[in-house]
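Scroll down for the structure; my scribbles are underneath it.
The values are calculated or read from the model by the stated rules, or taken from the named source; none is laboratory data. Computed from a predicted model, the values in this text were never measured in an experiment. FYI the Cβ positions are ideal-geometry reconstructions off the backbone, even for glycines, and counts take in every protein chain you see.
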Amino acid sequence: MTRTVHCAVLGRQAEGLSKPPYPGDIGQRIYEEVSKEAWQQWLRHQTMLINEYRLTPMDPDARKFLKKEMEKFLFAGGSNKPEDYVAPES
């Protein structure tokens, strides 16, 4: 049986994650309040941020930026795309 959560991003009941995807208290909060679907949306958004801003995930400043954007995306109504971002054509 799958675990469901009331997803903070989607605003509805959805399938939950199988384990915390991030260390610490924030990881536990994500596990309790974010669905698999919303987590996948965040991962796609994070990839776009890394590519557009040419971030190196091993850089402490980049990691701090990504964590802040993750918290905004998941719990504060969203993370903005870069000002000059143009989505690729499908």
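A few points about this structure:
- Check on L66, in contact (Cβ under 8 Å) with a residue 12 or more places away in the chain and hydrophobic (A, V, I, L, M, F, W, C): yes
- Residue list for region 22-61, restricted to those being surrounded by 12 or more Cβ atoms within 10 Å (Cβ to Cβ) and either part of a loop (DSSP other than H, G, I, E, B) or on the phi > 0 side of the Ramachandran plot (or both): Y22, V34, L55
- Scope region 1-21; condition surrounded by 12 or more Cβ atoms within 10 Å (Cβ to Cβ), touching a strand residue (DSSP E or B) at 6+ places or on another chain (Cβ under 6 Å) and of a type in the set (V, I, T); matching residues: T4, V5
- If you go through region 71-90 and keep only what is free of Cβ contacts under 8 Å to residues at least 12 places away in the same chain and not in a loop (DSSP other than H, G, I, E, B), you end up with just K72.
- Entry remark, region 39-68: residues being at pLDDT 95 or above and touching a Ser or Thr at 6+ places or on another chain (Cβ under 8 Å) number 1 in total.
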